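Chemist: Can you keep this structure in mind? I'll have questions shortly.
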Number of protein chains: 2
Amino acid sequence: MSTDAVPVDQDLLGTYIQELGAIGETPEGMYRFQYDDAWQRARDTLLTWIDEAGLDGRVDAVGNVFGRLPGSGDGVVLTGSHVDTVPSGGKYDGALGVVGGLAALAALRSHGTPTTTLEVVALCEEESSRFPANFFGTRALLGLVAPDEPERLRDRDGVTMAEAMRRAGLDPGLVADAERHDLRAFLELHVEQGRVLADEAVDIGLVEVIPAIAWETITVHGRQDHAGATPMDLRRDALQAAAQMTREITALVEQEGRPAVVTAGRWTVEPGQPSVVPGLARFSLDLRHPDLAVRDRLLDGVHRICATVAERHGVVVDVVRDKDEEPATMDAGLLDVCRDAAERCGASWRRMPSGAGHDSQLMASRVPTAMVFVPSVEGRSHTPAEFTSLLDCARGASVLASALHRLAY
Amino acid sequence: MSTDAVPVDQDLLGTYIQELGAIGETPEGMYRFQYDDAWQRARDTLLTWIDEAGLDGRVDAVGNVFGRLPGSGDGVVLTGSHVDTVPSGGKYDGALGVVGGLAALAALRSHGTPTTTLEVVALCEEESSRFPANFFGTRALLGLVAPDEPERLRDRDGVTMAEAMRRAGLDPGLVADAERHDLRAFLELHVEQGRVLADEAVDIGLVEVIPAIAWETITVHGRQDHAGATPMDLRRDALQAAAQMTREITALVEQEGRPAVVTAGRWTVEPGQPSVVPGLARFSLDLRHPDLAVRDRLLDGVHRICATVAERHGVVVDVVRDKDEEPATMDAGLLDVCRDAAERCGASWRRMPSGAGHDSQLMASRVPTAMVFVPSVEGRSHTPAEFTSLLDCARGASVLASALHRLAY
């Protein structure tokens, strides 16, 4: 590591990771959902750490948690990620970017007052695990939250986001107050969640683009019948049609090859009895490609498959688009700063696309943004088996700190 | 109808069907589960009707409801079916055999005291909709309930069967008291639940055999991964493997042809998030064929498919046998009595296998048993769309009454 690198305190970072990873941990993995008890404990713990690091702590109107190292000039360079998890999630996705950013600002504090204010942030509801409100924290910062969202959106238990906010000490009427106009740049440290860096034994990934994600819900309406008394040739089995659709969709995307991916992760089959031919089958489609044109061509193929299979099986299919994200291009200048930082830290690096979506993709639409990846062991993520070595975590945080130093001092 | 037929009161039967069908009815179909509020109301309504028909009402230790027309000699000829429903079920499955039997006994009462006592019964938990206790009422009559079943078995809300029994006024410690040793014959009137009679415009089906049903739970263990960051070629997607299995299993059984049927009606996919590659997929298998050897050959094929697909997809599969029923052969002498009764009623008839399982299949292992089918419109069953015309219902009940007359007078 060269003398103008800014190494973070590896032990401190390790403590952060372990202690944050114990909040919301269950035998089936991490369950830390927006505004729930575990999330509130994480918020309080972060505020304690922010205070201990000599930074100014603050929670904004939607629950984004900030730690601030005030600068002498205008504007703010922001770093961070999210602390909410998927169900049965891991300890690194999101969390590393928050505690890595905190460790970076703790290390930078000894370099004196920066020219530009530095802030680390834990953003709200990146995963949409509790509320259908993807990137809620980032959207609040950018003024992109619809005023009725907190009252309109409900979790699976029927609790509105507004009610959950109130329980967490927040006033849902003040969401608009979270908007920021002083952000000059955003840097996000994150685990890769894939196996490219680990397979190639590269230390740091510099993300150039975040893919265009489409989410659809595909519902197949067949005919509910008796499983014993209805001959195979007279059935309109919704599940069989849906199973055929997902197999043909998968084959289509496999034929396209990397980096196209498609996933059918959520299934509902009704009435869900062993002795009843399913009358309804519904599944989620998550289709991603960094090139919007390729993604949309694949989606056309998906829709053709659904229509063809539905006709063959005598069922009716309907498709609803739930999410339609543009690909997000990272800022070339910021990526150069991160590349230089990696080299100063003695880290090997490569440019790469992200497989997953991130707060950065939305931030990039308004603020120059870059992402730094560290390796995920076996590429595992969105599972309790998610793991990145402390050495890799600390290397990533040091690259982040070194880049922030270049930007703010 | 010849003069020695015993016609039932069609209006009375129609009232029974409509009023019983209103108990547990919802916009999504019938929900009348063992021991729940709707079931208790059905029990009380039946007892009122039994009383009004001049029969002796009784509820046994497990909740089977009896109406008795005492005879001068020994033994009992029993008729009936069940009043519990599948979720989102119809008004005829089970219910017709109970109210048809009641209408038959009401009609026979005017013929004086029978030589052999006649009883109509509403049997408990035929469908296994609430508790995994298939044919619970019939098993109790035959002394086949394990003493620990009520305390061991739980519904989906965790309520034990014992607790549910207590709430319905029953003592789960007395289950053994329900055993009967006086049954001489069992006749069950039922809707076909398939479309054979309706397609061929035949009035009455005389069931020769009830198929050998196998239920299995097939669990696929894959690898939970991030839906964006895990290339298609590196996945071990449990759902994709399961979808492929069910498609190949279906193709195998379709190739075998009628009357082989297979259904995958219940699905669990975990963690069930759009953005997560499923780590686990579990589905139910319901495979039926009247010939045990054919059924077992098909099951061998199912297991080969599961093993082959699992290997191809890099996942692990395990298969648990949940139910393994022998085919049940109906009593030839009783079938002749039913055929004669049909002819006396001027009804066309055919011999046929049952597609579905019934209380009769278990009863047949201990007591001479026969089943009488009436047509199901479009073969619909286990759905609110289940329907049999009142004319067909009454014709079936009259055939039943005529057969009971021949047996008991």
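Chemist: Within region B:59-103, restricting attention to residues that are among the small types (Gly, Ala, Ser), surrounded by fewer than 24 Cβ atoms within 10 Å (Cβ to Cβ) and in contact with a Ser or Thr (Cβ under 8 Å, 6 or more places away or on another chain), which residue is nearest to B:Glu192 (Cα to Cα)?
Modeler: By that ranking, first place goes to B:Ser88.
Chemist: While we're on this one: Give region B:49-103 a look and list any residue that's within 30 Å of B:Thr383 (Cβ to Cβ), hydroxyl-bearing (Ser, Thr, Tyr) and not in a strand (DSSP E or B), or say none.
Modeler: Selection gives B:Thr85, B:Ser88, B:Tyr92.
Chemist: If you don't mind, there's one more thing I want to ask. Among the residues of region B:366-385, how many are in contact with an Asp or Glu (Cβ under 6 Å, 6 or more places away or on another chain) and over 25 Å from B:Leu142 (Cα atoms)?
Modeler: Count: 5.
Chemist: Quickly run through region A:77-97 and pick out the residues that are of a type in the set (Val, Ile, Thr) and modelled with pLDDT of 95 or more.
Modeler: A:Val77, A:Thr79, A:Val83, A:Thr85
Quick grid of which residues meet (1) touching a Phe, Trp or Tyr at 6+ places or on another chain (Cβ under 8 Å); (2) at the interface with chain A (Cβ under 7 Å from one of its Cβ atoms):
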position	(1), (2)
B:Thr230	no, yes
B:Asp237	no, no
B:Arg247	no, yes
B:Ala251	no, no
B:Glu254	no, yes
B:Gly257	no, no
B:Val261	no, yes
B:Ala264	yes, yes
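Chemist: Test B:Leu170 against the stated conditions and say whether it is assigned by TED's automatic domain parsing to the domain that holds B:Ala401, closer than 28 Å to B:Thr117 by Cα and among the hydrophobic types (A, V, I, L, M, F, W, C). Spell out how you get there, then give the answer.
Modeler: Details: assigned by TED's automatic domain parsing to the domain that holds B:Ala401: yes; closer than 28 Å to B:Thr117 by Cα: yes; among the hydrophobic types (A, V, I, L, M, F, W, C): yes.
Here the answer is yes, as B:Leu170 does meet what is asked.
Chemist: While we're on this one: Counting only residues that are part of a strand (DSSP E or B) and surrounded by fewer than 24 Cβ atoms within 10 Å (Cβ to Cβ), how many does region B:104-118 have?
Modeler: 1
Chemist: Is at least one residue of region A:106-116 over 21 Å from A:Ser365 (Cα atoms) and within 14 Å of chain B (Cβ to nearest Cβ)? Steps first, please.
Modeler: Residues of region A:106-116 that are over 21 Å from A:Ser365 (Cα atoms), as a first pass: A:106-116.
Adding the requirement that they be within 14 Å of chain B (Cβ to nearest Cβ) leaves none.
Within region A:106-116, not a single residue is over 21 Å from A:Ser365 (Cα atoms) and within 14 Å of chain B (Cβ to nearest Cβ).
Chemist: Anything in region B:15-51 that is in contact (Cβ under 8 Å) with a residue 40 or more places away in the chain, over 24 Å from B:Arg68 (Cβ atoms) and over 21 Å from the mean Cα position of the chain (by Cα)? List them, or say none.
Modeler: none
Chemist: Quick check on this structure: which one of B:Gly346, B:Gly314, B:Gly333 is surrounded by fewer than 20 Cβ atoms within 10 Å (Cβ to Cβ), at pLDDT 95 or above and not assigned by TED's automatic domain parsing to the domain that holds B:Glu179? Quick ask: steps written out before the conclusion?
Modeler: Numbers: B:Gly346 fails: not assigned by TED's automatic domain parsing to the domain that holds B:Glu179; B:Gly333 fails: not assigned by TED's automatic domain parsing to the domain that holds B:Glu179.
On inspection, the qualifying residue turns out to be B:Gly314.
Chemist: Is at least one residue of region A:257-265 surrounded by fewer than 24 Cβ atoms within 10 Å (Cβ to Cβ), closer than 26 Å to A:His382 by Cβ and polar (S, T, N, Q)?
Modeler: No.
Chemist: Could you tell me which numbered condition B:His221 fails, if it satisfies all but one of (1) under 27 Å from B:Arg139 (Cα atoms); (2) at pLDDT 95 or above; (3) within 14 Å of another protein chain (Cβ to nearest Cβ)?
Modeler: Just one mismatch for B:His221, condition (1).
Chemist: Among the residues of region B:89-109, how many are in contact (Cβ under 8 Å) with a residue 60 or more places away in the chain and among the basic types (Lys, Arg)?
Modeler: Going through region B:89-109 one residue at a time, the tally reaches 1.
Chemist: Which of (1) over 16 Å from A:His221 (Cβ atoms); (2) surrounded by fewer than 22 Cβ atoms within 10 Å (Cβ to Cβ); (3) more than 9 Å from chain B (Cβ to nearest Cβ) is the odd one out, the single condition A:His289 does not satisfy?
Modeler: So the condition that A:His289 fails would be (2).
Chemist: Go through region B:9-48 and give me each residue that's of a type in the set (Phe, Trp, Tyr) and closer than 19 Å to B:Val62 by Cα.
Modeler: Matches in region B:9-48: B:Phe33, B:Tyr35, B:Trp39.
Chemist: Related question: Collect the residues in region A:192-247 that are at positive phi and either surrounded by fewer than 22 Cβ atoms within 10 Å (Cβ to Cβ) or not in a loop (DSSP other than H, G, I, E, B) (or both), keeping them in residue-number order. Walk me through it before giving the result.
Modeler: Within region A:192-247, the subset at positive phi is A:193, A:201.
If the condition is that a residue be at positive phi and either surrounded by fewer than 22 Cβ atoms within 10 Å (Cβ to Cβ) or not in a loop (DSSP other than H, G, I, E, B) (or both), then A:Ala201 is the only one that fits.
Chemist: I'd like the full set of residues that are within 13 Å of chain B (Cβ to nearest Cβ) and over 19 Å from the mean Cα position of the chain (by Cα), limited to region A:182-212.
Modeler: Hits for region A:182-212 are A:Ala198, A:Asp199.
Chemist: Only one of B:Ile50, B:Ile23 is in contact with a Lys or Arg (Cβ under 6 Å, 6 or more places away or on another chain) and either in the same structural domain as B:Leu108 (by TED's automatic domain parsing) or over 17 Å from B:Gly80 (Cβ atoms) (or both). Can you tell me which?
Modeler: B:Ile23
Chemist: Something else: Considering only residues of region B:339-397 that are within 19 Å of B:Ala122 (Cβ to Cβ), polar (S, T, N, Q) and touching a Leu at 6+ places or on another chain (Cβ under 8 Å), which is farthest from the other protein chains (Cβ to nearest Cβ)?
Modeler: Filtering first and then ranking leaves B:Thr369.
Chemist: Any residue in region A:66-74 that is within 23 Å of the chain's Cα centre (by Cα) and modelled with pLDDT under 95?
Modeler: no
Chemist: Next up: Scan the helices (runs of 4 or more DSSP H) fully inside region B:254-370 and keep the ones with 1 or more residues being of a type in the set (Val, Ile, Thr), farther than 30 Å from B:Glu208 by Cα and touching a residue at least 12 places away in the same chain (Cβ under 8 Å).
Modeler: B:292-313
Chemist: Anything in region B:378-409 that is under 17 Å from B:Leu197 (Cβ atoms), part of a helix (DSSP H, G or I) and either among the aromatic types (Phe, Trp, Tyr) or in contact with a Lys or Arg (Cβ under 7 Å, 6 or more places away or on another chain) (or both)? List them, or say none.
Modeler: B:Glu378, B:Gly379
Chemist: Another question about this same structure. Testing A:Phe136 on (1) surrounded by fewer than 16 Cβ atoms within 10 Å (Cβ to Cβ); (2) out of contact with any Lys or Arg (no Cβ under 8 Å at 6 or more places or on another chain), one condition comes back false. Which one is that?
Modeler: Of everything listed in (1) surrounded by fewer than 16 Cβ atoms within 10 Å (Cβ to Cβ); (2) out of contact with any Lys or Arg (no Cβ under 8 Å at 6 or more places or on another chain), A:Phe136 misses just condition (1).
Chemist: Out of the residues in region A:212-253 meeting the condition of being touching a residue at least 40 places away in the same chain (Cβ under 8 Å) and among the polar types (S, T, N, Q), tell me which one is farthest from B:Gln273 (Cα to Cα).
Modeler: Only one residue fits best here, namely A:Thr230.
Chemist: Could you please find all residues in region A:119-140 being assigned to a loop (DSSP other than H, G, I, E, B) and of a type in the set (S, T, N, Q)? Give the steps one after another, and end with the answer.
Modeler: The initial filter retains those residues of region A:119-140 that are assigned to a loop (DSSP other than H, G, I, E, B), namely A:124-135.
Scanning region A:119-140 gives A:Ser128, A:Ser129, A:Asn134.
The values are calculated or read from the model by the stated rules, or taken from the named source; none is laboratory data. Keep in mind that this is a model prediction, so the values were computed, not measured. Ideal geometry is used to build each Cβ from the backbone, glycine not excepted, and the neighbour counts take in all protein chains shown.
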